[in-house]
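The values are calculated or read from the model by the stated rules, or taken from the named source; none is laboratory data. Every value quoted in this text rests on a predicted model; they were computed, and no experiment measured them. Cβ sites come from the backbone with ideal geometry, for glycine too, and all protein chains shown count toward neighbours.
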Ligand SMILES: Cc1ncc(C[n+]2csc(CCOP(=O)(O)OP(=O)(O)O)c2C)c(N)n1
């Protein structure tokens, strides 16, 4: 006879598998044993393990993002689950479907000095689509699984927490699914449609971070709209970045005083967007009307309090835009040359130039994403660009890339990241089976370069210690730890290194922070002062 915990775990997995679950990431532990053992009953489920819950959650995030389907994340009780918070917060802000099952102990053991026992119910409060905690006496968790799946998957996806209290015995044998636990049916949610407003002819569409499939779905319509004069700018994370005239468009726009170069209306679609601070533009352009698509975007106005929010599926909205004629804003046609010498910008440019169509590029926060955003003219058009711009900051850059690489083993994977982000997160590489090879450039500018560029932080006393966390470390040790090829450049190399096929490569660009700052600021200035 199967113990209660086995019934619970099997019923949950049976329902999730019937709903379409195929991928599971497990951070092993004893309390989650019923779920780990029940996995054997579901051969359709592909399982990855990683001992570090924080990294495991980012690996799952990378998988959910790459496959655009819910991924189940399993861990043990206690602080194990807490470690998954950063990736869940990121999933919430990127609208990515993660199902997180934290194993827990029976309620009666709370506050009894029992090991690995704490209040887990509200671990991820504030960044969940929903959470479930089945009653301990319930043996059948199918309906919970079904509801959790539906909510995680959408229409607007996001993370769902299942806090699962298992009582002993936790271990069992056998993998036959009892007849009584056959999955129950699924149902679908319809999306509410609303009416399209009458946009003025000089409209600018600003696209933030979008799921790749949605971006691909609206791309032909946008292309058609752009050919009819529609003004468009896609964030580097939008999967539409290559449709923009050039990297600095929004910043350039802010500097324009000529009404001919100012949009009459701005429609914001998708999630996070660099640049973020539109306050000055909003104030000096009070007549610009603001619109925002709610489908795959935030639900509150972003840049202007009087934004009209459109509750319309994005493909439909874009289709309607593609049918009209628009008025184009005059723009500069070229990007000024890069400052000479070896610095972050020239190193990043060299790395980005080496990429080919169809490659995947994973960008670290904070300067790497900015460099790439401005250097899009050196990148091949059909390059997949990925980054965590929800809320993660320097967290999970590599682990998420590991998850993505696992999903796309035949795609060439590249990572461009800062030294602190690289130091912070590399346990994605502990995953088993191990992620496929990647080529990574770490911009080693001795700490957080962003803080040397932020006026407040850079002027503070002890800025290097209190903000930039200056260090003189090399990353050769990391390459050794994971068996990667290692290359270090202290000056402009004469050639771009070849990308190895079967092995990862870590290319450490050792740059001088001061020189990198001067080059970046000078180049930005020349871009923003360009004439149309
Ligand atoms: C998890 C997390 N902790 C702290 C921060 C604050 N933070 C923002 S940028 C940054 C430094 C990033 O340094 P590095 O990875 O070297 O990139 P660079 O600024 O040089 O591009 C830090 C610590 C953050 N974004 N995320």
Of the candidates 291, 296, the one satisfying the condition of being at pLDDT below 95, assigned by TED's automatic domain parsing to the domain that holds residue 238 and on the phi > 0 side of the Ramachandran plot is 296
In segment 471-495, anything within 28 Å of the chain's Cα centre (by Cα) and part of a loop (DSSP other than H, G, I, E, B) is listed as 471, 473, 474, 475, 483, 484
Residues in segment 252-271: is at least one in a loop (DSSP other than H, G, I, E, B), under 25 Å from residue 90 (Cα atoms) and modelled with pLDDT under 85? no
Checked segment 223-247 for anything more than 14 Å from residue 268 (Cβ to Cβ) and more than 22 Å from the chain's Cα centre (by Cα); matches are 223, 224, 225, 226, 227, 228, 229, 230, 245, 246
Picked from segment 272-289 (must be assigned to a loop (DSSP other than H, G, I, E, B) and free of Cβ contacts under 8 Å to residues at least 12 places away in the same chain), the residue surrounded by the most Cβ atoms within 10 Å (Cβ to Cβ) is 276
Conditions (1) under 30 Å from residue 415 (Cβ atoms); (2) crowded, with 21+ Cβ neighbours inside 10 Å; (3) free of Cβ contacts under 8 Å to residues at least 40 places away in the same chain -> residue 292 fails only (1)
- Flag for residue 346 being modelled with pLDDT of 95 or more, more than 10 Å from the ligand (Cβ to nearest atom) and outside any loop (DSSP other than H, G, I, E, B): yes
Being more than 16 Å from the ligand (Cβ to nearest atom), in contact (Cβ under 8 Å) with a residue 24 or more places away in the chain and under 19 Å from the mean Cα position of the chain (by Cα) narrows 341, 428, 403, 364 down to just 403
Problem set entry | Residue in segment 82-90 that is surrounded by 24 or more Cβ atoms within 10 Å (Cβ to Cβ) and without any contact (Cβ under 8 Å) to a residue 60 or more places away in the chain present | yes
Inside segment 431-452, the number of residues satisfying the requirement of being outside any loop (DSSP other than H, G, I, E, B) and away from the ligand (no atom under 14 Å from the Cβ) is 2
_Here is a check on your reading of the model: is residue 54 within 24 Å of residue 95 (Cβ to Cβ), touching a residue at least 24 places away in the same chain (Cβ under 8 Å) and crowded, with 19+ Cβ neighbours inside 10 Å?_
yes
Log entry, pairs with first residue in segment 454-470 being part of a helix (DSSP H, G or I), second being more than 13 Å from the ligand (Cβ to nearest atom), beta carbons closer than 7 Å, six or more apart or on different chains, reads 466/460; 467/460
Next item on the list: Please work out if residue 419 is within 14 Å of the ligand (Cβ to nearest atom), crowded, with 20+ Cβ neighbours inside 10 Å and more than 21 Å from residue 358 (Cα to Cα).
Entry: yes
